[in-house]
1. Using only alpha carbon positions, build the gyration tensor of the range 67-168, then give the equivalent ellipsoid semi-axes as the square roots of 5 times its eigenvalues, largest first, whole angstrom.
2. Can you tally the net charge around residue 334? Count Lys and Arg as +1, Asp and Glu as -1, for every other residue whose Cβ sits under 14 Å from the Cβ of residue 334.
3. Out of 119, 73, 225, any idea which swings most in a Gaussian network model of the chain, alpha carbons joined below 10 Å?
4. Quick one: Cα centre-to-centre distance for the range 209-223 and the range 233-290, in angstrom?
5. Just report the Cα centroid separation between the range 119-179 and the range 323-346, whole Å.
6. Between residue 47 and residue 7, what is the label-point separation in nm under the 7 Å Cα-to-beta-carbon projection?
7. If I take all pairs of Cα atoms in the chain, what percentage of them are more than 33 Å from each other?
8. If I model a spin label as a point 7 Å beyond the Cα along the Cα-Cβ vector, how far apart are those points for residue 165 and residue 270 in nm?
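The numbers here are math on the coordinates, done by the rules we state, and not lab data. These figures come from a predicted structure and were not determined experimentally. Heads up, the Cβs are rebuilt from the backbone with ideal geometry, glycines too, and the neighbour counts pull from every protein chain shown.
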Amino acid sequence: MLRSRSELSAVCARLREQAEHPDGGGESALIGMLGDRLVGVLRSHNTPSTLYYVRADGETYVVKAEFGRAPTLRDEIRWYWSAARRGLPRRLFITGHTGPGLAFLLLKRFGEGATLDDLALAGESRGPIARHVASAVTCDLELFHRTQRQVGRDHVHRLTERRLALRYSQARNVPYLRTLMDADVVTVNGVGLPGLSRWLRRILSDPRLLAYLTPDRVGMTFGDLHCGNILVHEGLTEVVDPRGGPLLPISYDYGKLVQSVEGGYGVVMAGRYVLRRTWGTAYEFTPETVPGYSSLAVLAASCDEQRYLQALYYAALHFMTMLPHHASDEKETTALYLCGLSLFYKLLARLA
Ligand SMILES: Nc1ncnc2c1ncn2[C@@H]1O[C@H](COP(=O)(O)OP(=O)(O)OP(=O)(O)O)[C@@H](O)[C@H]1O
Ligand SMILES: [Mg+2]
């Protein structure tokens, strides 16, 4: 640690100590240790991690911490160390540690934590959004290109299939989701769309189509490249919250972007949609049109047709695999399901 970061070094040493203690005293001990260096706390919506904004050496840093087993944060920390070991740019990453008492990640603070979702939902136009998306894609590609390897389509398909099967069986335990997933036809604004099981059967039973939609290379990617994880500040872009785990195809991340931008995920998660069930599995569904989300031209332009269609396929699958995590909110989950169906429809229409 640099001399000029002596206060930060002291904070790191104390964090490590607490991490190594199985009975380290939990959050109150952490807050007590940080004292008046702690200038803000941000509790995550979807994960048990908490972000602490800490002043040291005249700068503000971000400590992302979680107590107990913390499997997701542990994977994230592993991801950062793995990137650092491979000589990839460290960007915001300073250090991270996992122990029996606590897992923590220390990052440089980037701006005020505004995300691309914040920008789009505040009405920013397409140009600046597209530039940030392009910049995030460039970082992702750099990671991928420097770590990629050919593994064959069967391997990639098995990864996809395993995840889909797990989440599919979880979703089937939720009665309203089971009805949606088994429905032959789901009507959206008067148009009948095949239900999820029919789309999947159609793709999985056509070896040529499945091969076309399945990449054959994997590498390091951010793994969760949606607009809520893309930070923006004074025209600059950083990606946070990388997901550790198996190496993945780049189309997986492109799929996250497609889902987030043109797929409607950002709009639904912000509650900016109208959904009404008219009867059975028929709905009126109107996601708000947000100009910044309306084009992913930058992505479509930076990859060929096949990769773009692979991204659409992953985006549709991402919608389906996230359903069990959202299931407690029936309206939101139904909206996400309908977004996924629309992407399958778009994909198959482009392939026809
Ligand atoms: N280095 C950073 N500098 C400034 N703000 C940050 C930084 N890292 C994270 N944040 C802020 O904290 C938010 C949540 O961070 P992150 O995505 O890592 O956590 P998370 O557990 O996935 O939370 P969520 O479930 O809310 O996405 C970000 O959207 C951003 O606003
Ligand atoms: Mg996040």
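1. Values: eigenvalues 135, 109, 61 Å².
They are 26, 23, 17 Å, listed largest first.
2. On the way: positive: 178, 276, 277, 331; negative: 284, 329, 330, 332.
Taking every other residue near residue 334 into account, the sum is 0.
3. Evaluated over the chain, the most mobile residue of the options is 119.
4. 20
5. 15
6. Taking the simple label geometry, residue 7 and residue 47 are separated by 2.7 nm.
7. 32
8. Here the answer is 3.9 nm between the modelled labels.
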